[in-house]
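Taken together, the values in this text are just the output of simple stated rules run on the coordinates, not laboratory data. None of the values given here were measured: they were computed from a predicted structure. Virtual Cβ from ideal backbone geometry, glycine too; neighbours counted across all protein chains shown.
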Amino acid sequence: MALPLLVAHRGYTRHYPENTIVGLEAAIRAGARFVEVDVQLTRDGVPVLFHDRGLGRICGAEGAVHDYDLEDLRRLRASDFGRFGYKFAQVRISALAELRELLQQHPRVTAFIELKRESIERFGENVVLGRVLQELKPVQPQCVLISYALETLVTARAQWPAVGAVIDRWRERRLPIMRTLHPEYLFCDVDGLPRCGKLRFGDAKIVIYEVDDPQQALQLARRGVDFIETFACGEMRDQIELLGPEA
């Protein structure tokens with residue numbers, strides 16, 4: 001059995017604010033070769049890295065990403081004060097363009113780019129895809145588009161070589177749209193998995209999130225999982241290598 005590959009979920013989130021360049025750089029320094037980020041559009045249509053529907057948890061501000069132009073949004077802290085206090089007080093929301101530059105510096109790193117439904121609902125899939133794909137074109141071979149919005153991924157198929165469907169429950173892999181989409185990757189919540197049995201879906205690579213237990217990661221690998229998505233990429237890598245495939 002091969003050891004599972006690790007995906008740094010929103011960067012090195014255990015120790016840094018999520019979806020920030022500082023956290024992504026830290027994940028890469030810790031050995032991550034796969035990272036995952038969330039992308040939304042600002043009011044003026046600029047793709048930025050952000051997960052939540054609201055700004056409160058990460059920025060301590062009211063409203064949503066799409067309520068602010070980029071210039072105003074960058075005045076807010078993205079410090080996740082509830083977890084880190086003032087440690088990252090100078091950290092701001094990162095633009096997708098900054099991730100593109102980071103990937104250009106690290107050509108061996110692959111990024112899973114999650115298109116958030118919030119922006120698709122607000123701006124429409126054509127606008128979201130147009131803005132995001134334009135930013136990522138120089139690093140296209142390093143990027144996989146992923147989303148819960150499976151219809152949007154079908155549309156993206158004509159413009160992008162690799163996509164990943166995101167689902168909450170393993171049974172959702174049987175949705176009719178999956179036959180049309182035929183994704184290269186299938187992301188599933190660990191809490192939505194059956195308790196036993198092989199986890200395969202055609203020739204798609206299987207990615208399971210969010211896992212921080214190395215024993216569980218190895219058990220999932222034995223069931224056929226290819227990737228483990230984790231907030232603790234450094235610790236998980238060390239512990240999995242220490243335990244080895246026979247654990």
Within region 33-48, of all residues that are out of contact with any Lys or Arg (no Cβ under 8 Å at 6 or more places or on another chain) and of a type in the set (A, V, I, L, M), the one surrounded by the fewest Cβ atoms within 10 Å (Cβ to Cβ) is 48
Within region 120-179, the count of residues that are over 18 Å from the mean Cα position of the chain (by Cα), among the aromatic types (Phe, Trp, Tyr) and closer than 26 Å to residue 64 by Cα comes to 1
Out of the residues in region 209-247 meeting the condition of being touching a Phe, Trp or Tyr at 6+ places or on another chain (Cβ under 8 Å) and assigned to a helix (DSSP H, G or I), tell me which one is nearest to residue 170 (Cα to Cα).
233
Among (1) within 18 Å of residue 36 (Cβ to Cβ); (2) touching a Phe, Trp or Tyr at 6+ places or on another chain (Cβ under 9 Å), which single condition is residue 149 missing?
(2)
Determine which member of the set 95, 149 is within 14 Å of residue 46 (Cα to Cα) and either out of contact with any Pro (no Cβ under 9 Å at 6 or more places or on another chain) or surrounded by 17 or more Cβ atoms within 10 Å (Cβ to Cβ) (or both).
95
Selection over region 138-192 where residues are among the β-branched types (Val, Ile, Thr) and free of Cβ contacts under 8 Å to residues at least 24 places away in the same chain yields a count of 1
For residue 100, indicate whether it is crowded, with 18+ Cβ neighbours inside 10 Å, out of contact with any Leu (no Cβ under 9 Å at 6 or more places or on another chain) and either without any contact (Cβ under 8 Å) to a residue 60 or more places away in the chain or under 23 Å from residue 140 (Cα atoms) (or both).
no
Return the residues of region 149-174 that are out of contact with any Gly (no Cβ under 6 Å at 6 or more places or on another chain) and hydrophobic (A, V, I, L, M, F, W, C); say none if nothing qualifies.
149, 150, 153, 154, 156, 158, 160, 162, 163, 165, 166, 167
Which count do you get for residues in region 223-247 that are in contact (Cβ under 8 Å) with a residue 40 or more places away in the chain and surrounded by 14 or more Cβ atoms within 10 Å (Cβ to Cβ)?
14
Of the numbered conditions (1) surrounded by fewer than 24 Cβ atoms within 10 Å (Cβ to Cβ); (2) within 14 Å of residue 93 (Cβ to Cβ), residue 28 fails exactly one; give the number of that condition.
(2)
When both residues are 6+ apart or on different chains and their Cβ atoms are under 9 Å apart, which pairs have a first residue that lies in region 195-213 and is at positive phi and in contact (Cβ under 8 Å) with a residue 24 or more places away in the chain, and a second that is part of a loop (DSSP other than H, G, I, E, B) and surrounded by 11 or more Cβ atoms within 10 Å (Cβ to Cβ)?
197/223
